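Asks: Pasting in a structure now, in structure tokens, and then I'll have a few things to ask.
Quick note: the coordinates plus some simple rules give every number you see, no bench work behind them. Bear in mind the structure is a predicted one, so any value in this text is a computation, not a measurement. All Cβ positions, glycine included, derive from the backbone under ideal geometry; neighbour counts span all protein chains shown.
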Amino acid sequence: MPRVVALDCEKKAGRGVMEILNAVEGCSDKRLRTKCKQALYVIDRTLALYKFEEVAFSFNGGKDSTVLLHLLRAACVAGEAKRTIHIGAEESTCLELGKSIRTIYFESPSAFPEIDSFTYETARVYNLEMEILRQDFKSGLSALFKTKPIKAVFLGTRIGDPNAVGQEQFAPSSAGWPPFMRVNPILNWSYRDVWEFLLVCKVPYCKLYDQGYTSIGSVHDTLPNEALSVESHFEQDKSAHNDTASGVAPLKETYRPAYLLRDGRLERAGRLKREKNCKNEVSSNGVLDLHARTEPLFSASVLVVGDEILRGEVEDQSGVLLSKELRAIGWSIRHRAILANDIDSISEEVEQRSNNSDIRCHLGRCSKELWSSFDEEFEEFLRDQVGGHCPGDQNQMAKLPEGITELLHHQELLFPVIKCHNVFILPGPTIKEVELQWKCLLEWSKTSNVFGVHQPFTLIKLRTSVPEVEIAGPLAKLSLDFPDLSIGCYRESAQALEDPLSTKTGKLIISILGKNPTRVKAAVCALNFDVAEGVFCVEEG
Ligand SMILES: Cc1cc2nc3c(=O)[nH]c(=O)nc-3n(C[C@H](O)[C@H](O)[C@H](O)COP(=O)(O)O)c2cc1C
Ligand SMILES: Nc1ncnc2c1ncn2[C@@H]1O[C@H](COP(=O)(O)OP(=O)(O)OP(=O)(O)O)[C@@H](O)[C@H]1O
Ligand SMILES: [Mg+2]
């Protein structure tokens with residue numbers, strides 16, 4: 001990546017649109033050129049769908065919205081013929097747009113002053129028509145839409161942002177929000193793409209990014225990114241007369257610029273987690289309100305692809321492993337299926353599950369046809385992995401599922417985990433590799449919003465030799481008394497199923513599962529009380 005210092009837009013004039021277009025076209029990275037073309041296409045179609053006064057740009061001085069600003073300028077300036085980037089266009093043939101794009105900025109007292117001044121200076125340099133809103137997002141937009149005919153808003157949202165979940169490049173606003181179309185032209189851009197664009201185009205960006213900030217929220221929740229920390233050092237402080245005899249000031253930490261962050265997954269590492277709102281947990285009389293603490297149930301589906309498993313040649317170890325792992329981080333498993341290795345069964349199942357689960361884990365190799373769209377970043381990775389053995393012009397292995405995908409790389413992994421909205425593909429191919437892929441997913445979840453780690457389940461298993469007919473009544477009563485728990489019953493072994501009357505083997509296992517350990521233990525006590533004797537605890541987890 002070329003090393004360029006942040007330009008201070010207070011001193012320099014902004015970059016001309018043709019300079020930007022030429023810089024992108026002249027850049028050796030084909031991937032960046034493709035991403036720009038795709039983003040310009042989205043902007044172009046939006047401008048064709050809506051009248052100019054019906055669109056607005058949501059700008060907050062952050063790096064993502066800065067990228068978007070220049071793409072918008074490029075798309076607005078270029079006419080239909082010039083909207084696709086092409087080399088050698090004369091700057092004189094392109095005029096800056098007479099009317100400037102309506103730009104929304106939600107000003108906040110808790111914004112960094114550097115962000116505020118960058119936003120206002122950028123607005124001045126590029127002649128943006130600013131709408132400054134000082135309310136929360138929802139009320140601000142509702143008020144604005146009463147006076148302005150806005151129907152679509154451009155945002156710098158990118159996959160991986162917490163608020164990007166479930167969004168496409170065109171995403172209608174959420175229920176409860178005023179109706180408008182959110183347009184996200186850089187939704188599929190990576191952290192690396194954003195910095196490559198800003199540096200290649202030499203456009204000014206907020207100077208905080210040169211001080212180690214990689215994602216900027218408010219002054220209350222944002223710190224420089226520790227991954228960019230330069231070895232802490234003691235600095236000679238000339239003004240420090242009063243401290244140590246050596247005149248050495250306290251430890252001072254410095255940070256490298258944001259564009260040097262190698263692992264884009266750490267982009268939000270400087271963002272502090274929001275304090276949990278605990279005020280509902282204790283009612284006015286000081287009694288702990290258990291209902292307020294009950295978190296919603298997050299459900300997952302596990303889909304395993306493998307003809308050999310379907311034929312019964314091999315056991316499904318990966319599906320079992322993932323179900324257990326998901327349970328351990330508080331996800332309930334709605335569905336587990338073994339699928340034939342063909343595009344129709346897989347897409348049908350994925351489609352069917354799409355509305356029923358919050359996340360879906362999809363395991364194993366997939367048929368060639370499933371990898372329907374070619375991904376250059378992935379091919380670059382494969383090329384690095386297999387060197388000269390990469391066959392042909394376009395490696396078939398570099399085809400990814402259609403839609404917006406992210407590749408989650410990790411140095412320990414042979415193949416990256418693939419994320420497509422709320423579907424995670426763990427490509428295996430061995431159980432050891434799946435185990436490792438899962439471990440890496442969990443590690444990422446700690447630093448970014450890959451998926452939530454929730455309160456784990458408590459499971460208590462009980463063994464009994466009391467026959468089913470006698471236990472059925474107490475279990476039915478237990479389910480009624482503890483509707484928040486999942487209560488099940490099965491025979492200990494397959495051997496016992498063949499001989500249900502056997503008392504030597506195949507005792508009954510009763511499983512009691514729930515998020516609240518106190519409730520699970522209460523259910524065990526209640527069952528012991530009802531059955532009187534012969535129920536033993538065998539496992540707790
Ligand atoms: C112009 C604009 C439109 C937004 N529309 C929605 C929306 O439709 N649904 C939603 O849940 N959040 C919406 N948001 C809020 C964002 O999802 C997100 O909360 C915000 O961009 C920044 O995140 P923060 O809460 O970390 O500050 C919108 C924000 C802006 C600026
Ligand atoms: N205060 C705000 N005013 C106007 N638009 C905003 C505001 N906050 C967020 N947005 C919109 O939401 C998008 C996503 O915000 P986000 O903070 O993820 O990106 P960013 O600020 O551009 O970059 P960074 O991730 O480095 O902070 C922004 O690009 C912008 O379009
Ligand atoms: Mg931001």
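Asks: Using mean Cβ contacts within 10 Å as the protection proxy, how do 102-108, 319-325, 153-159, 453-459 order, highest first?
Replies: In descending order of packing, they fall as 153-159, 102-108, 319-325, 453-459.
Asks: Provide the gained length on full extension for the span residue 435 to residue 344, in nm with one decimal, where the gain is 0.36 nm per separating residue minus the Cα-Cα distance.
Replies: Full extension of this stretch gives 30.0 nm more.
Asks: What does the convex hull of the alpha-carbon atoms of the range 177-218 project to on average, in nm²?
Replies: Hull-based average projected area comes out at 4.7 nm².
Asks: Quick one: Karplus J couplings for the range 193-198, per residue in order, coefficients 6.51, -1.76, 1.60, θ = phi - 60°, nearest Hz, x for Gly and Pro?
Replies: With the stated coefficients, the range 193-198 comes to 4, 4, 6, 4, 4, 4 Hz.
Asks: Report the charge-dipole magnitude of the range 104-177 in Debye, nearest 20, computed about the Cα centre from +1 at each Lys and Arg Cβ and -1 at each Asp and Glu Cβ.
Replies: Charge dipole, the range 104-177, about its Cα centre: 320 debye, nearest 20.
Asks: Continuing with this model, one more query. Tell me, Kirkwood radius of the range 21-65 from alpha-carbon pair distances, in Å?
Replies: Kirkwood hydrodynamic radius for the range 21-65: 12.4 Å.
Asks: Okay, moving on. How big is the range 102-212 on each of its three principal axes, counting only the C-alpha atoms and giving the largest first in Å?
Replies: Per principal axis, max minus min of the Cα coordinates gives 38, 29, 25 Å.
Asks: Moving to a separate point now. Anything over 18 Å Cα to Cα? Flag those among 324/419; 324/521; 51/151, in the order listed.
Replies: Beyond 18 Å: 324/419; 324/521.
Asks: May I ask you to evaluate 6.51 cos²θ - 1.76 cosθ + 1.60, the Karplus curve with θ = phi - 60°, for each residue of the range 429-437 and list the ³J(HN,Hα) values in order in whole Hz, giving x for glycine and proline?
Replies: Those phi angles translate into x, 9, 4, 4, 5, 4, 4, 5, 4 Hz.
Asks: Taking amide H positions as placed 1.01 Å from N in the peptide plane, with prolines and chain starts having none, which residues 5 or more places from residue 271, or on another chain, fall under 5 Å of its amide H?
Replies: For residue 271, the qualifying residues are 223.
Asks: Another question about this same structure. Near the amide H of residue 489, under 5 Å away, which other amide H atoms are found, from residues 5 or more places off or on another chain, if H is placed in the peptide plane?
Replies: Amide H neighbours of residue 489: 511.
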